[in-house]
Each structure stands twice: as structure tokens, then as C-alpha cells.
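Structure record follows, encoded as C-alpha cells.
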Amino acid sequence: MFDMKKLAWIVAASAGLLFGSACSAAKPIAALIVDGESGGPYHDWRKVTAALAYMLRDAGLFEVSVVTAPRADGELDAFAPNFSAYAVVILNYDAPDERWPASLKASFESYVRRGGGLVTVHAADNAFPGWRAYNEMLGVGGWRGREETAGPYWYYRGDELVADTTKGPAGSHGLRVPFAVKVRDSTHPIMRGLPQVFIHGDDELYARLRGPGHMTVLATAYSDPANSGSGHDEPVLMVLQYGKGRVFHTTFGHDIRALSSADFPVLLQRGAEWAATGDVTQPAPATFPTADAPSYRADVVAHAR
Ligand code: ZN
């Protein structure tokens, strides 16, 4: 006998299943911001984390958690975030080699090698000069005693990425000024649809970085000798593969002023999505800066507290 009530229930249950699968497709991306220290007092990492968390939440794609690493070596022994519970880890963090115990480094390496996403912001590429795997994840880094043993200098000459084995220290920047950013790979999902040249607002332009390389440079900026620069087109945005893991490395983000430059939130949101999933679903916003002038977002400043 045909039971209409039963049929109605089956239809409703099927709709529920369909609805359920649609929901799971839109499941938020689990993102973990790691902070706790960043070089000297010139990096206000607490405010930076607040701004980064705001930007990621503002994208509507991420469920954002924050974990703060203890500053003392001994206390790090008990610090063991479950990295594998996240699709992407964002490092707003800079500490010396000895800070992380071997077990923590191994756990982090395993997370990325097995396919975990990584985004490193600004001074995160100063961290851990002697941790080989970490430097391979980032491609280049600076300061903390890095010199030629870290790898060559990497920069663009014309349209070519060159490795320069000249001896010397790694890492420099001039005064914080706006500077032009030139896109080098407009087909990469992170850069797709963005202007070929745009102005990044007041920030440190990192130069003379050294490392093992193996990165795909997404964008460069000219480091002007008139502002203590190298005279080279320096890599400022790049992506790498480490094992199965995707890495987005941005040298931008010294302070809240720099983070509020209207390009930064877009690049972070896209970079984090790409590192987590391998693609970017976010459209290029009409408000992205052009080649004419920097623009800043008051909402980022307002949330950086
Ligand atoms: Zn800085």
C-alpha cells in the first residue's frame, strides 16, 4: 500500500540530506593564528593578531582561533597546539631557534608536510634562522644572524628571478613609505584579477633576504637605494610547496598602518584560502588599490585592539 505520509517523510529526509551536504560544502575553514612574540618592541603583535583575526573573519570563510606561545624556553615544553585540527596556520610570530623544543618543531613540520596550509606574515620570516625545514617552507628570510650559509640573495633582474651568492648579511629595510608592487604571476589564484601594479601603503620593504629559494614569486617591489634599498626588485609576496603543504609568504605587515593598506586584507584572505584549499573563491574587490595612490581601511584600524 502506498503511504503518502511515508513518502512525504522520505522527501523531507532527502531534502535534509541535500541541505546537509550543501552546508558541509560551505563549512568554515579552520584557521589558527600563532603569536606570542615578534622580535623587539617595534612589532605590536597583539594588535597585529587582532587585525589579522578581524580580516579573516571579515572574509566570511574562516573560523579563526588564536594561540599565544609562551616566551620562556621551558614553558614551551608544554606548548603543543594540535596543528592538524586546522586547515591553515597563520604565523604572526618571530623567535630565535632555541625557543621551540624539537618536539614542537617536528609537529609543525609534520603538519605542513602532510598538507597543512601556512601563511607567514612579515617578521615571521625573521624567525628560526637555523631551522632548516622552516626556511625551506618560507624560501627566504632575514636577520637573526643569517648570512651566506642561509642561501643566496634572491631578487628579480628584468623578468628573471636570480640567485646571488655574494657574501653578506640578510635582511634590510628603509623608512616606511608607500611603494609600488609589481605582479609577477597574474595567473596564480591569489593574484587573479588584481591590478598588475598597485601601491602598498606605508610599510617596511624587506630587501636582501637570503634562503634556499624554491619559491614562486607572486610580486616584487623596487628597493630604492635612496631609501637604504638594495637597488633590486625584491620578492615581497611568494608561494611555496613543502611536502603536500602550501605556503603563502607575505613580507608585508610591519604595523597597523601597513595592515590597513587596502591591499593587505585582500591578499591575506586570498592567501589563507589558497593555502588551506588550493584555490581562491573570493572575487577581486573594486576597492583594491591602483597604481596611482595608496588607500587605507579605517575598519582594520578600528579592529586592531
Ligand atoms: Zn617590521
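Would you please classify the overall shape of region 164-305 from the alpha carbon gyration tensor, given that a ≥ b ≥ c denote the square roots of the eigenvalues, rounded means a/c under 1.5, and beyond that prolate means a/b larger than b/c while oblate covers the rest? Since a/c reaches 1.5 but b/c is at least a/b, the shape of region 164-305 is classed as oblate. Secondary-structure-derived ellipticity at 222 nm for the chain, considering helices only, amounts to -8000 deg cm²/dmol, per-run term -39500 (n - 2.57) for DSSP H runs with n ≥ 4. Remark on GLU63: its backbone amide H falls under 5 Å from those of ILE29, ALA30, ALA31, a criterion applied only to residues 5 or more positions apart or on other chains, H modelled at 1.01 Å from N.
A 1.4 Å probe run over region 21-77, with the rest of the protein chains in place, finds 49 Å² accessible per residue. Across the options PRO41, GLY168, LEU91, the greatest Cα extent toward the positive end of the charge dipole of the chain (unit charges at beta carbon of Lys, Arg, Asp, Glu) belongs to LEU91. Taken as Cα centroids, region 94-158 and region 233-305 sit 19 Å apart, rounded to the nearest whole angstrom. Solvent exposure of region 110-239 amounts to 39 Å² per residue of accessible area, where only protein heavy atoms count and the probe is 1.4 Å.
Remark: the chain carries a charge dipole of roughly 760 debye about the Cα centre, counting +1 on each Lys and Arg Cβ and -1 on each Asp and Glu Cβ.
For region 194-237, the square roots a ≥ b ≥ c of the C-alpha gyration tensor eigenvalues yield an a/c of 1.5 or more together with a/b not exceeding b/c, which makes the shape oblate. Under the combined filter of DSSP loop state and at most 12 neighbouring Cβ atoms within 10 Å, region 68-129 retains none of its chymotrypsin sites (Phe, Trp or Tyr not before Pro).
Model label points for ASP299 and ALA180, set 7 angstrom from Cα along the Cα-to-Cβ axis, are 3.0 nm apart. Among LYS105, LYS167, the sequence by solvent-accessible area, most first, with a 1.4 Å probe is LYS167, LYS105. To put it simply, the accessible area of region 21-302 at a 1.4 Å probe is 52 percent carbon and sulfur.
At 7 Å along Cα-to-Cβ for each site, give me the label-to-label distance between ALA163 and ALA72 in nm. In this crude label model, ALA163 to ALA72 measures out at 4.3 nm. Each Lys or Arg adds one and each Asp or Glu takes one away; over the other residues whose Cβ falls under 15 Å from the Cβ of PRO152, this sums to -1.
The chymotrypsin sites (Phe, Trp or Tyr not before Pro) found in region 26-57 that occupy coil by DSSP, while having at most 15 further C-beta atoms within 10 Å, are TYR42.
Largest first, the residues TRP154, TRP143, TRP100 sort by 1.4 Å accessible area into TRP143, TRP154, TRP100. Neighbours of MET191 by Cβ distance under 14 Å: Lys/Arg scored +1, Asp/Glu scored -1, total 0. Under a model in which nothing but the beta-carbon of Lys, Arg (+1) and Asp, Glu (-1) is charged, region 181-305 shows a dipole of about 360 debye around its Cα centre. Anisotropy class assigned to region 21-302 is rounded, per the alpha carbon gyration tensor with a/c under the 1.5 cut-off. For region 21-302, the antiparallel share of DSSP beta bridges with both residues in that region comes to about 60%. Enumerate the residues in region 42-64 having an amide nitrogen under 13 Å from the point lying 7 Å beyond the Cα of THR287 toward its Cβ. Only 55, 58-59 fall inside the zone, counting backbone N under 13 Å. So for the chain, averaging the separation of alpha carbon pairs under 8 Å that are six or more residues apart and normalising by length, what relative contact order in percent results? Relative contact order for the chain comes out at 19 percent. Here the relative contact order of region 184-255, from alpha carbon pairs under 8 Å that lie six or more residues apart, stands at 28 percent. Pairs of Cα atoms nearer than 8 Å and 6+ residues apart set the relative contact order; for region 240-287 it is 32 percent.
The values are calculated or read from the model by the stated rules, or taken from the named source; none is laboratory data. Because the structure is a prediction, the values reported are computed rather than measured. Ideal geometry is used to build each Cβ from the backbone, glycine not excepted, and the neighbour counts take in all protein chains shown. Protein only, heavy atoms only, side chains kept; ligands, DNA and RNA dropped before computing areas. Shrake-Rupley method; radii C 1.70, N 1.55, O 1.52, S 1.80 Å.
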